Amino acid sequence: MKKNIYNLIEKDREWFSAKVPADLKDKIFLYIEGKVQRSFVFLRLMKLVSSVSLFIIAGMLLLFISNQFKPAKVVFVYPNSGTEKSVNLVGTINKQKKKIPLVLDKNNGYWKATVRAAQSDLQDYQFVVEEFSDEDINNDN
């Protein structure tokens, strides 16, 4: 490489029409060599930084995607009117397609169930309410 730089300098004599220090060729070579080395170090550093950045971005993307499919807690509430014997939840919320019983919270006046459901899907659901019959109400008295 040093020879190539010397050859380039020798070909262009216009640079040297004035008095030229004897070590100018060496200084030019050292200057160019330093630039090349700094560029090489910079490029390697950028490659390392871009690799690390790529891993960080991939990790964040994986975390984001995994949270999209992670089941979330969903709370279903049905108001208590006092005539309900039981309240169940049915629909596409859970994969078992079983009825999910709601529990009566007498202090707050509602039926409640907490279910894990996928965040990324739309859920169809219905409340199935079994009310007290007139016979049940009369038997209580």
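List the pairs whose first member sits in region 103-115 and is polar (S, T, N, Q), whose second member is surrounded by 12 or more Cβ atoms within 10 Å (Cβ to Cβ), and whose Cβ atoms are under 7 Å apart, counting only residues at least 6 apart or on separate chains? Cβ pairs passing all conditions: none. Scan region 43-91 for residues that are in contact with a strand residue (DSSP E or B) (Cβ under 7 Å, 6 or more places away or on another chain) and at pLDDT 80 or above and report the count. Count: 17. Among the residues of region 30-67, those identified as within 30 Å of Asn4 (Cβ to Cβ) and among the aliphatic types (A, V, I, L, M) are Leu30, Ile32, Val36, Val41, Leu43, Leu45, Met46, Leu48.
The values are calculated or read from the model by the stated rules, or taken from the named source; none is laboratory data. Since we're looking at a predicted model, the values are computed, not measured. Here Cβ is always computed from backbone atoms with ideal geometry, including for glycine, and neighbour counts include all displayed protein chains.
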